[in-house]
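**Student:** One structure coming up, written as structure tokens, with questions to follow.
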Amino acid sequence: MSKTIWLALAAVGALGFFGSGCGTGRPASAPASSVTAAHAIFTNFTDLKWEKVWPELGADGPELCMLHVDPQTGATKFMLRAPKAVHIRKHWHSTAETHSVLAGANVFACGAERVEQGPGSFNRLPARVAHEAWLPAGSLMFITLDGAWDVNWVEGAPTKDDLGR
């Protein structure tokens, strides 16, 4: 999976991931037909359904939970957690991305700038800006994209060599 992660998400979605309540924009108990653009969404952390971002990394690989994808704009909101430290290799997105750090002392790099950010920290990266991150074990982030989520790898997707870094 060295091209874009959205292909993996499409495959996971085909397996029913987006129908689990997490990622559908509705509580698991609400039928899909009951969701409207004005429908409120309430999801408790304990109810989130986590999926491996890169299954080939095994049990220690990062996990994500899609929270909402706007059906008109593609704007995406999800959580990312790292059970083991991981280096997310240099990549960029077609739309602006934000990271809100909820747990962990994450390190982000854009060009020559390298910043450590802990819980409560926020950053915003413009569209098409290459960046990378080092997430410690136990890291948790809330991530948004202004449009549809894609990942364009500069030097390939993370591998098992990136775990524990």
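**Student:** Pairs needed: first member in region 117-135, without any contact (Cβ under 8 Å) to a residue 24 or more places away in the chain; second member anywhere, in a loop (DSSP other than H, G, I, E, B); C-beta distance under 6 Å; at least 6 residues apart or different chains.
**Tutor:** GLY118/ALA105
**Student:** Quick one: MET66 ticks every box in (1) of a type in the set (A, V, I, L, M); (2) in contact (Cβ under 8 Å) with a residue 12 or more places away in the chain; (3) surrounded by fewer than 20 Cβ atoms within 10 Å (Cβ to Cβ) bar one, so which box is it?
**Tutor:** That leaves (3) as the condition not met.
**Student:** Shifting gears a bit: Confirm whether THR95 is crowded, with 18+ Cβ neighbours inside 10 Å, touching a residue at least 12 places away in the same chain (Cβ under 8 Å) and more than 13 Å from the chain's Cα centre (by Cα).
**Tutor:** yes
**Student:** OK, next. Kindly evaluate VAL107 against the criterion of being at pLDDT 95 or above, crowded, with 18+ Cβ neighbours inside 10 Å and not in a loop (DSSP other than H, G, I, E, B).
**Tutor:** no
**Student:** Let me ask you something else. Here is a check on your reading of the model: is VAL86 touching an Asp or Glu at 6+ places or on another chain (Cβ under 6 Å) and of a type outside the set (S, T, N, Q)?
**Tutor:** Against the criterion (touching an Asp or Glu at 6+ places or on another chain (Cβ under 6 Å) and of a type outside the set (S, T, N, Q)), VAL86 qualifies.
**Student:** On to the next question. So which of ARG26, ARG81 ends up being modelled with pLDDT of 95 or more, surrounded by 11 or more Cβ atoms within 10 Å (Cβ to Cβ) and not small (Gly, Ala, Ser)?
**Tutor:** Criteria check complete, one pass: ARG81.
**Student:** Give me the residue from region 139-150 that is at pLDDT 95 or above and touching a strand residue (DSSP E or B) at 6+ places or on another chain (Cβ under 6 Å) and, out of that set, farthest from ASN44 (Cα to Cα).
**Tutor:** Across region 139-150, the extreme among qualifying residues is LEU145.
**Student:** Continuing with this model, one more query. Is there a residue being in contact with a helix residue (DSSP H, G or I) (Cβ under 9 Å, 6 or more places away or on another chain), in a strand (DSSP E or B) and either at pLDDT 95 or above or charged (D, E, K, R) (or both) anywhere in region 91-102?
**Tutor:** Taking every residue of region 91-102 in turn, at least one turns out to be in contact with a helix residue (DSSP H, G or I) (Cβ under 9 Å, 6 or more places away or on another chain), in a strand (DSSP E or B) and either at pLDDT 95 or above or charged (D, E, K, R) (or both).
The values are calculated or read from the model by the stated rules, or taken from the named source; none is laboratory data. Treat the numbers as computed from the prediction; the structure is a model and nothing was measured. We place every Cβ from the backbone using ideal geometry, glycine too, and count neighbours over all the protein chains shown.
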